[in-house]
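Bear in mind these aren't lab numbers, they're just calculated from the coordinates by the rules spelled out. Given the structure is predicted, the values throughout are model-derived calculations rather than measurements. Cβ coordinates were reconstructed from backbone atoms using ideal geometry, including for glycine residues, and neighbour counts include every protein chain displayed.
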Amino acid sequence: MPARKYELSHPFSLNDDTAYQAWRECKLEDYPERVEDLIVEINDPRRLTKAEFKTIHERCRKTNMAIYAGSTGSDPDKAIPRLFGEQFGLNELDCNMGADGDGITTLQVVDSEWRGSYIPYTNRPIHWHTDGYYNRPEQQIRGLLLHCVAPAVKGGENTLLDHEMAYIHLRDANPDYIRALMMAEVMTIPPNVEDGIELRPARSGPVFSLLPDGNLHMRYTARTRSIEWHPDPLVREAVGALTALLASDSPYIYRATLQPGQGLISNNVLHDRTGFDEDGEHRRQLYRLRYYQRMAGT
Ligand SMILES: [Fe+2]
């Protein structure tokens with residue numbers, strides 16, 4: 001049974017501490033502790049040179065993310081992030097409720113329309129999360145790309161943490177935390193109901209899960225309002241340990257405020273966003289691309 005053998009020798013199997021320790025050692029060796037280590041200067045994001053591609057790809061293999069600093073500045077062409085992502089095998093876009101017809105979401109402050117009641121379209125802070133935690137299990141978001149056209153006057157900073165580093169932190173503290181957070185119905189998101197109409201049913205699922213290719217996936221939100229956690233006391237402890245990590249000054253937590261032409265490419269790592277200020281001339285504008293795939297070869 002090859003599948004079983006694979007599972008038994010997997011670093012994310014709780015039954016195989018040897019494989020985990022070997023993977024952990026490799027992961028932590030020379031792990032970047034400064035956001036500058038993630039930034040890769042490039043020319044045109046639409047057409048990376050071999051060297052540019054290789055550098056970004058290597059960063060992502062290590063940390064599940066990289067920040068590119070391209071030459072397109074405030075050019076609002078959506079093809080820039082789309083073509084950038086395609087070079088990393090990212091092409092299955094999630095057409096979520098806020099996305100435009102092309103599957104790319106413009107993140108900017110919107111006063112009217114329905115978007116105004118959703119925090120991503122306001123200037124308010126967004127707590128730690130991975131994208132699409134309310135998606136159905138077969139439509140989980142594995143890749144996430146943010147591209148900046150214009151920053152805010154002040155704020156709008158993203159804080160970033162590789163979800164594999166969160167996994168290591170929790171498993172080292174207590175492997176049962178991982179067991180608890182892998183339970184099938186550990187975190188339930190309430191239904192999205194507006195004017196008595198259910199736009200999305202409640203969604204239950206694990207925090208940590210394994211993808212068919214053996215990679216680790218994380219589904220998480222730090223929002224507390226109406227999130228239902230499984231009543232097992234270990235779950236509460238595990239979530240508490242994760243919350244403490246996210247609030248800590250861990251050197252593995254990076255902070256970045258994307259500038260025009262810069263973007264974040266990632267395997268949907270943990271992130272948050274600070275609130276921000278705008279004025280009449282400076283309106284923050286970012287594109288968000290959510291994919292059902294991880295970056296190829298990472
Ligand atoms: Fe997000």
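Laid out as a table, the results:
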quantity	calculated
Value of [θ]222 nm, deg cm²/dmol, for the chain, DSSP H segments ≥ 4, -39500 (n - 2.57) each, nearest 500	-7500 deg cm²/dmol
Counted charge near Asn158, where neighbours are those whose Cβ lies closer than 10 Å (Asp, Glu -1; Lys, Arg +1)	0
Selected from Pro11, Pro233, Pro190 as most flexible by GNM, with the chain as the system and alpha-carbon contacts under 10 Å	Pro233
Along principal axes, Cα extents of segment 31-87, largest first, whole Å	34, 20, 16
Shape of segment 92-230, Cα gyration tensor, a/c cut at 1.5	prolate
Set of lysines near Lys27 by C-alpha distance (under 20 Å), chain-local residues within fewer than 8 positions excluded	Lys54, Lys62
Cα pair distances of the chain binned at 10 Å [whole percent]	6, 27, 36, 23, 7, 1, 0
The chain: most fluctuating residue of His271, His147, His169 per GNM, C-alpha cutoff 10 Å	His169
Selection from Asn123, Pro32, Asn43 lying farthest towards where the dipole of segment 1-150 points positive, charges on Cβ	Pro32
Simple Cβ-charge dipole of the chain, Lys/Arg +1 and Asp/Glu -1, about Cα centre, in debye nearest 20	360 debye
Charge sum, other residues only, whose C-beta stays under 13 Å from Ile42's C-beta, Lys/Arg counted +1 and Asp/Glu -1	+2
Sum of side-chain charges, Leu211 neighbourhood, beta-carbon under 10 Å (Lys, Arg +1; Asp, Glu -1)	+1
Partner aspartates and glutamates for Lys154 [C-alpha distance under 14 Å; skip if fewer than 8 residues away on the same chain]	Asp277, Glu278, Asp279, Glu281
Kirkwood Rh in Å, taken over all unlike Cα pairs in segment 1-101	16.6 Å
Fluctuation leader among Val193, Val149, Val239 - the chain, Gaussian network, Cα springs under 10 angstrom	Val193
Directionally averaged shadow of segment 169-264, computed from the convex hull of its alpha-carbon atoms, nm²	9.4 nm²
Unit charges on C-beta of K, R, D, E only; dipole of segment 126-257, Debye	180 debye
Inter-label distance, nm, simple model (7 Å from Cα along the C-beta direction), Val153/Arg236	4.5 nm
Taking all pairs of distinct alpha-carbon atoms in segment 49-157, Kirkwood radius in angstrom	15.9 Å
